[in-house]
1. Using a Gaussian network model of the chain with C-alpha springs under 10 Å, which one of E48, E209, E227 is most mobile by mean-square fluctuation?
2. Taking the inverse of the average 1/r across all pairs of different Cα atoms in segment 337-425, what Kirkwood radius in Å do you get?
3. Kindly put F125, F381 in sequence by how many other C-beta atoms sit within 10 Å of each C-beta, fewest to most.
4. Working only with C-alpha atoms, what are the Rg and Dmax values of segment 229-420, expressed in angstrom?
5. Rule-of-thumb check for segment 4-175: C-alpha Rg over 2.2 N^0.38 Å?
6. Which whole-number percent is the relative contact order of segment 4-175 (Cα, under 8 Å, 6+ apart)?
7. For the chain, take the longest principal axis of its alpha carbons; what is the angle in degrees between that and the long axis of helix 383-402, to the nearest 10 within 0 to 90?
8. Of all trypsin sites (Lys or Arg not before Pro) in segment 261-309, which ones are in loop regions per DSSP and have a Cβ with at most 10 other Cβ atoms within 10 Å?
Amino acid sequence: MIFGNTYKILFRNTLIGGVGIAIFAGALVTFIELRRIDNYLADITPKESEKFFKLYEKFYFNRTNKSLSGLKQATKKSLDEDFFVYVEFLDDQLKKVIQVSINDYGTIVPRLNMKFGDIKMTGRFNHKIIYLKGQVFIKVMVPIVSQKAGKHIGHFQGIYHLSDDKFSQIKKQSYFSIFITIIAVLVTVMFIYPIIRSLQKKILMQSFELLRSNTDILKSFGSAIAERDSDTSSHNYRVTIYSVRLAEALGLTSLKIRALIKGALLHDIGKIGISDAILLKPGKLSHEEFEKMKQHVAIGVKIIQYNDWLQDALDVVRFHHEKFDGSGYLSGKKGDDIPVNAKIFAICDVFDALTSKRPYKNPFPIEQSLAIMKEDSEKHFDPEYLNAFEKIVYELFLQVSRFETEGLLAQQLNQILRGYFKVHL
Ligand SMILES: [Fe+2]
């Protein structure tokens, strides 16, 4: 249950990652396939051109008007049998000898003629692949070399039209390769996911244990102070519960409430440094003694200030005795200069002191406690926060009062801690 949401996030991220890799792999394979098609097309045209070279070579060694007409006829016949739609021969001086095209060539691809001059005569094989209207044309320019003559005897230029069947076969092969690659990536991700999830679970368990240890230490510190103060841990637990509920009513963020919980549990940690003679004195403290007692705030700050995880608890530890009118201690801050968490905690701390039994007094009823506090509103407390507290306190007090023993209170607090200190990745 604790990890349910985290697993959803993990699954979603793994899926997004998997689809991302599949798209990337698909794009890579598409690129490779396009290169393969280019190479394939570039390979077929020289082979297909060879028969035309032979026709020209035959003509070259017997150049008469009759043989020129024979070359034209033979070329035309070859065009009908082949996939070349246009052919022309040039002599070794690059002067056109003949040009032949299939009858409807002009209507099929009128733009190809204009593009024909794109290929520069370099004396070696040149080609250009053109995708036009869903069809593939390859323009070639090949020097014709005769072994018999031992030199270049002319040039062949042509436009090869790849048949629809062949083109469709190439496309099918490419689509299949892309499809298989994407499936392979997704299947791999599917197999890897349980491994990632298992590793994630181990990390989560360790993080959860670590957080639980930290919150247990918080409670232990709180209890240690309570023991020192001849009190029980119940006060610490109650003020923490009150503070969380008031913070929730005020709409504070989870981050702020986590800080408030830490601060509430540790608020009087500085009392460890106060002597028994002052801390446990049954009667009223003298002025000097009270001045020393005030120092529990500074001692508390000193104890936790170098602990990174407790930095956000400093607001409460340092300012929990400040008053709204600036008459509190130790800094004398007032109004909105007092951090929100400290103002919330001050209300809950005083309310619990008033409604609890002490060696020197019986608990005040809730109405009387609130009346005393309201008298101090704007002096001690932020009036807005006190109003909010008054709205929730009757029901809250009833709930908390049901947890009569320290054990039940601890259970209630643990539930709050689990809610606010769950593992976040
Ligand atoms: Fe205190």
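1. Top of the fluctuation ranking is E48.
2. After inverting the pairwise mean of 1/r, the radius is 14.7 Å.
3. Values: F125 14, F381 23.
Fewest to most other Cβ atoms nearby, the residues stand as F125, F381.
4. Reported Rg and Dmax, both Å: 15.9, 43.
5. Details: Rg = 22.7 Å, N = 172, 2.2 N^0.38 = 15.6 Å.
It is 1.46.
6. Relative contact order here is 21 percent.
7. Tilt relative to the chain: about 80 degrees.
8. On the way: sites: K262, K271, K284, K292, K294, K302; in loops: K284.
Sparse-neighbourhood loop trypsin sites (Lys or Arg not before Pro): K284.
Throughout, read-outs are computed from the coordinates displayed, never taken from laboratory work. Every value quoted in this text rests on a predicted model; they were computed, and no experiment measured them. Positions of Cβ are generated from backbone atoms using ideal geometry, with glycine treated the same way; all protein chains shown enter the neighbour counts.
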